[in-house]
Amino acid sequence: MDTKSELLSHHISQQFNHELEELRNNLLSMGGQVEKQVSDAINALINADSEGAVVVCEKDTDINYMELAIDEECSRILARRQPAASDLRLVISCSKAATDLERIGDEAAKIARFAISLSEQGEAPKGYIETRHIGNHVRQMVQDALNAFARFDADLALAVAKEDKTVDREYKSATRELVTYMMEDPRSITRVLNIMWVLRSLERIGDHARNLAEYVIYLVKGTDVRHIGIKRIQEEVFDQQS
């Protein structure tokens, strides 16, 4: 039986099987909320919607509570069931993924706070086009990482991990352009710096999405791929196991 089939199989203890499924569903529910937070924060910024941005900030507390609840679930399962093999990897992956999702929520709240500040300043600053583009990119990464988790899809997870490099390049390019703009128009410095902080938050969301993808690869393939390059992941995990 391959790892994916093992992950989808039922346990002799139906209660244990239910607990694992509930844990995974709770994580995916948290992920859906976090993805919406990112989307709403970007929309609030682009549309100068301070009210929408306030809602994003307020909902960050809900995300924090969801992380705590998932951590408690994981601790309870580890203590009572002492899982092994793929079950243990599932619990570990959910615990780590919840932490990254909470941090994505924090970055969304930061973007929302900048959206409030920028809407009060009035004039739309340079950099909104880049913000929309990178924002949509990282939101899609988060969505794909969550889909990979839901489907135990290591190939999709690898594709998400690869996208992080593209986001990094887009972030650096946008930052260079905005620095040049500030040098040409010093009056724009405060507004553009705020946009640069937004872009930084988006780049970090991309990093967290990659982390989520790496947890999926660990869950399905049984190999910890953190801190190694995409080429090594491809060669040592995917090519050797194909």
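The values are calculated or read from the model by the stated rules, or taken from the named source; none is laboratory data. None of the values given here were measured: they were computed from a predicted structure. Counting neighbours? That spans all protein chains shown, and the Cβs are built from the backbone with ideal geometry, glycine included. Each accessible area value is taken on the protein alone, full model and side chains, heavy atoms only, with ligands, DNA and RNA left out. Shrake-Rupley method; radii C 1.70, N 1.55, O 1.52, S 1.80 Å.
Projecting the Cα atoms of 154, 183, 206 onto the charge dipole of the stretch 147-215, computed from C-beta unit charges around the Cα centre, puts 183 farthest toward the positive end.
Mind listing the long-range amide H neighbours of residue 228? Cut-off is under 5 Å, sequence gap 5 or more, other chains count too, H placed in the peptide plane at 1.01 Å from N. Here nothing satisfies the definition.
Grab the other residues whose beta carbon is less than 11 angstrom from that of residue 108, score K and R as +1, D and E as -1, and report the net.
Counting the neighbours of residue 108, the net charge comes to +1.
Compared with the dominant principal axis of the Cα atoms in the chain, helix 85-121 is inclined by about 10°.
Dipole magnitude for the stretch 98-242: computed about the Cα centre from +1 point charges on Lys and Arg Cβ and -1 point charges on Asp and Glu Cβ, it is near 240 debye. Against the longest alpha carbon principal axis of the chain, how many degrees, from 0 to 90 and to the nearest 10, is the axis of helix 189-221 turned? Result, in degrees: 10.
Exposure check, 1.4 Å probe, all protein chains in place: residue 42 carries approximately 10 Å² of accessible surface. Rounded to the nearest 500, the 222 nm mean residue ellipticity of the chain from helices alone is -29500 deg cm²/dmol, with -39,500 (n - 2.57) taken per DSSP H run of at least 4 residues. Loop-resident chymotrypsin sites (Phe, Trp or Tyr not before Pro) (DSSP state other than H, G, I, E or B) in the stretch 134-173 with no more than 15 further Cβ atoms inside 10 Å of their Cβ are absent.
With a 1.4 Å probe and every protein chain kept in, tell me what percent of the accessible surface of the chain is carbon plus sulfur.
Looking at the chain in its full context, I get 48 percent from C and S.
Residue ranking by accessible heavy-atom surface, 1.4 Å probe, largest first, among 110, 162 comes out as 162, 110. Name the most mobile residue of 104, 70, 230, meaning the one with the largest mean-square fluctuation, in a Gaussian network model of the chain with Cα contacts below 10 Å. Highest fluctuation of the listed residues: 230. Across the chain, Cα-Cα distances exceeding 31 Å account for 30% of all pairs.
Take the Cα pairs of the stretch 66-167, get the Kirkwood Rh, then feed it into Stokes-Einstein at 10 °C and 1.306 mPa s and tell me D in µm²/s. Value of D from the Cα-based Kirkwood radius: 98 µm²/s. On a per residue basis, the chain carries 49 Å² of accessible surface, using protein heavy atoms and a 1.4 Å probe.
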